[in-house]
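Okay, so here's the structure we're looking at.
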Amino acid sequence: ADRVVLIVKIEEQPTGELSFGAGYSTSEGVIGDISVTERNLMGKGQYVRLGFSGSLERAQVDFSFTEPRFLGRNLAAGFDLFHKEVDFSSIASFRERNTGGNLRLGFPIANNTQLGLRYRLEREEIYDVKSNASLAVKESEGEAFVSSVGYTVAYDTRNIPQSPTQGIFVSFSQDFAGVGGDVNYLRQVTDTRGYYPITNKITAVGRLQGGYIAGWGGEDIRMTDLFFKGGETIRGFERAGIGPRDACQSPTTGKRINNCTKDPLGGQAFWASTAEARFPIPFLPDAIGLQGAVFV
């Protein structure tokens, strides 16, 4: 009398998808992407993705694999492979080609807290440098191998990660380059965001972020490893529009250099803060997912 027979019928939903996308970016112009994703490879719950994306200034291909229960434990392990070519000639007088991969492992360490570990090996090449480029750009020309280990600690209590209305998100990352390779540096980045519902429709959002990078072992920091910030950090700025630029002056005579491009040189440290109020756009259905914001 204390037993019940349950009959459960399970119908698996499609776990693979082919997606296309197109749009417009203020930094890259017309953009597009195509990807193939499988979230349950051979019925084992493994995640696989192959993606192609690009614009008039960028071409990129990447492949990712994730095992969500590595060694039968609550460990998410995987790897990424990528190749990317970017044309910076419109803002910094050079082109860049990156090829490499990551090994990663992630697991929970407390309530709402995750720790991610990673190893990255990457070949970076700066090429097609213009004759009137800045001296810092010319000194970076050529190829280098970057071998680094790093970690990220993230605390997340947001109710809806894609479009939160309450909760906080805090992350801290460090990457140590110099485990072999040609480059030595220690880089750290932190990001803190808070969300508070003013009304059922209006959400207050605060964000504070910052980063710092320093060389070690007597190594100078390469220009390409520095921070380049623009409209993605403070809205309204051009790509790489924040930070020091070439003064276009001769280091010996102090005279202006003709045809100088005033390339951005990157920064060793950055910080930014934002306060905003988000609200639904009137007369548009919520299902569209567009929001308005007033920010400072």
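The values are calculated or read from the model by the stated rules, or taken from the named source; none is laboratory data. Remember, predicted model here, so these are calculated numbers, not experimental data. Note that we place each Cβ from the backbone using ideal geometry, even for glycine, and neighbour counts take in every protein chain shown. With ligands, DNA and RNA removed, areas are computed over all heavy atoms of the protein, side chains included. Shrake-Rupley method; radii C 1.70, N 1.55, O 1.52, S 1.80 Å.
A few points about this structure:
- A search for C-beta distances below 8 Å between a residue of the stretch 22-45 that is under 20 Å from GLY236 (Cβ atoms) and any residue that is β-branched (Val, Ile, Thr) and open to solvent by 40 Å² or more (accessible area, probe 1.4 Å), counting only pairs 6+ apart in sequence or on different chains, returns GLY23/VAL30; GLY23/ILE31; TYR24/VAL30; TYR24/ILE31; SER25/ILE31.
- Taken over the stretch 10-37, residues that are in contact with a strand residue (DSSP E or B) (Cβ under 6 Å, 6 or more places away or on another chain) and surrounded by 15 or more Cβ atoms within 10 Å (Cβ to Cβ) amount to 5.
- Across the stretch 82-110, the qualifying residues are those that are among the polar types (S, T, N, Q) and in a strand (DSSP E or B), and the one among them that is farthest from LEU50 (Cα to Cα) is ASN98.
- Taken over the stretch 44-79, residues that are open to solvent by less than 60 Å² (accessible area, probe 1.4 Å) and farther than 21 Å from GLY21 by Cα amount to 11.
- The strands (runs of 3 or more DSSP E) found wholly in the stretch 1-81 and carrying at least 2 residues that are touching a Gly at 6+ places or on another chain (Cβ under 6 Å) occupy 29-41, 58-67.
- For the stretch 249-278, a residue qualifies if it is hydrophobic (A, V, I, L, M, F, W, C), open to solvent by less than 100 Å² (accessible area, probe 1.4 Å) and out of contact with any Ser or Thr (no Cβ under 8 Å at 6 or more places or on another chain), and the qualifying residues are ALA269, ALA275.
- ILE7 being farther than 30 Å from GLN114 by Cβ, open to solvent by 30 Å² or more (accessible area, probe 1.4 Å), at pLDDT 95 or above and hydrophobic (A, V, I, L, M, F, W, C): yes
- In this structure, SER131 does not qualify as free of Cβ contacts under 8 Å to residues at least 60 places away in the same chain, among the hydroxyl-bearing types (Ser, Thr, Tyr), at negative phi and surrounded by 15 or more Cβ atoms within 10 Å (Cβ to Cβ).
- Across the stretch 1-38, the qualifying residues are those that are more than 22 Å from the chain's Cα centre (by Cα) and among the charged types (D, E, K, R), and the one among them that is nearest to ASP80 (Cα to Cα) is GLU38.
- Scanning the stretch 181-212 for residues that are of a type in the set (A, V, I, L, M), more than 22 Å from GLN162 (Cα to Cα) and open to solvent by less than 60 Å² (accessible area, probe 1.4 Å) gives a single hit, VAL183.
- The condition of being open to solvent by 40 Å² or more (accessible area, probe 1.4 Å), under 24 Å from TYR119 (Cβ atoms) and assigned to a strand (DSSP E or B) holds for only one of VAL153, VAL146, that being VAL153.
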